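Nothing in this text is a laboratory measurement; each read-out follows from the coordinates by a stated rule. Just so we're clear, the structure is a prediction, and the values are computed from it rather than from any experiment. When we count neighbours, we look across all protein chains shown, and the Cβ atoms used for this are built from the backbone with ideal geometry, even at glycine.
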Amino acid sequence: MSEKAVRMAQAGGPEVMSLETVVVGDPGPGEVRIRHMACGLNYIDVYHRSGVYPLPLPSGLGMEGAGVIEAVGEGVQHLRVGDRAAYASQPVGAYATARVMPARCVVRLPEGISFETGAAMMLKGLTAQYLLRKTLPQGGLQAGDAVLFHAAAGGVGLIACQWARALGLRLIATAGSDEKCRLALESGASDAINYQRENFAQRVRELTGGQGVKVVYDSVGAATWEGSLDCLAPFGLMVSFGNASGMVPPVSLGALAAKGSLHVTRPTLFTHLATRESTQAMADELFDVVLKGQVQIRVEQRYDLDQVQQAHRDLEARRTVGSGVLLT
């Protein structure tokens, strides 16, 4: 059957993407065909399009979507035709009206969660889950512990602010404007720092009585790296999970020693989603906090599929807050 999909033949700016007609066949063993109702927008899509994270070309784009299962391949037991479903998954290709994909990272979407919300929450929500629930400093995190979360008004950040509040954590947020700081505070951050106007490392030390935080969650990269290390308490954990401002420079092990026997990790969501069982367990926890109202997904930007170039321009210009979706 003929469908529409965003494709690119070379890496580059938003102009390299175009909406094309493609043929989508039947699923093979271990696969499903899903008809998208909405597709998620994420900064990792910009990395793929620009070549920061190279893809075999030509290629599709997008790693997150929600819709209805149209066909199920041999061996797939957890999904049926007609199921509402959502995913955050490799390989890329979510910017499409329909696609065939591996079933192991596709989960049933509860009736209480809309397709738009499902498409906007999977990659970002599962990222917040593995950060706050799995990527932890020595001794873990207990209620009252202070953590620092950069870019807290983004899609992942606003989910993390709410989830941290539900866990009883003291999340100190950073953002690039007073308005974004306000959003982070409304979502559950205990404090918010506008890093355009303040030295965030100095402010974190003031807020923690000079002790620093147990963990820093940083998707900004090069621009915040050194300051983030200065925010950590002894034995603290530096979690680098993105490069919005550029790649982190080579790490000096001597600097980690001098700053208090620090730990550093560079996790990825897809390591955590390696099996169907782990994917399901993570999704169940995410669905639970959303259905309970502890985490609300802010879908603030909506674009038609043929507006994908503008969607990427808005992402790169930091004009977005919360989550965005492409509608099919």
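Choose one answer from GLY242, GLY40, GLY62: the residue with the largest mean-square fluctuation in a GNM of the chain with alpha-carbon springs under 10 Å.
So, out of GLY242, GLY40, GLY62, the one fluctuating most is GLY242.
List every residue whose amide H lies under 5 Å from the amide H of ARG302, counting only residues 5 or more places away in sequence or on a different chain, with H placed 1.01 Å from N in the peptide plane.
HN-HN under 5 Å from ARG302: VAL325.
Mind ordering 11-19, 142-150, 129-137 by average Cβ neighbours within 10 Å, highest first?
142-150, 129-137, 11-19
Residue by residue through region 7-16, which ³J(HN,Hα) values in whole Hz follow from phi under the Karplus form 6.51 cos²θ - 1.76 cosθ + 1.60 (θ = phi - 60°), with glycine and proline marked x?
Each residue's phi maps through the Karplus curve to give 10, 9, 9, 8, 6, x, x, x, 5, 6 Hz.
Could you tell me how far the Cα centroid of region 57-116 sits from the Cα centroid of region 147-221, in Å?
33
Please identify, among ALA71, ALA184, ALA281, the residue showing maximal mean-square fluctuation in a Gaussian network model of the chain using a 10 angstrom Cα cutoff.
Ranking ALA71, ALA184, ALA281 by mean-square fluctuation puts ALA281 first.
Which residues' amide hydrogens lie under 5 Å from the amide hydrogen of MET37, considering only partners 5 or more residues apart or on another chain, with H built in the peptide plane?
Sorted by chain and number, the residues that satisfy this are ALA66, GLY67, VAL68.
So which residue, out of ASN42, ASN243, ASN199, gets the largest mean-square fluctuation from a GNM of the chain using Cα contacts under 10 Å as springs?
ASN199
Show me, for region 193-207, the HN-Hα J-couplings you get by feeding each phi into the Karplus relation (A = 6.51, B = -1.76, C = 1.60, θ = phi - 60°), rounded to Hz, glycine and proline as x.
Residue by residue, region 193-207 yields 10, 7, 6, 7, 10, 10, 6, 5, 5, 5, 5, 4, 4, 5, 5 Hz.
Mind checking which lysines have their C-alpha under 17 Å from LYS259, skipping anything on the same chain fewer than 8 residues away?
Partners found: LYS214.
Based on DSSP, what percent of beta bridges with both residues in the chain are antiparallel, to the nearest 5?
Once the DSSP bridges in the chain are tallied, antiparallel ones form about 60 percent.
Sequence-distant or interchain residues sharing an amide H contact under 5 Å with VAL213, placed H: which?
LEU232, ALA233
What distance in nm separates the simple spin-label points at GLN138 and VAL251, each placed 7 Å from Cα in the Cβ direction?
Reported label-point gap for GLN138 and VAL251 is 1.5 nm.
State which entries of LYS134/LYS180; LYS4/LYS124; LYS124/LYS180; LYS134/LYS292; LYS4/LYS180 exceed 23 angstrom in Cα-Cα distance in the structure shown.
Pairs exceeding 23 Å: LYS134/LYS180; LYS4/LYS124; LYS4/LYS180.
Taking θ = phi - 60°, what integer Hz values does the Karplus form 6.51 cos²θ - 1.76 cosθ + 1.60 yield along region 220-227, in sequence order, with x for Gly and Pro?
Calculated HN-Hα couplings, in order: 7, x, 4, 5, 10, 4, 4, x Hz.
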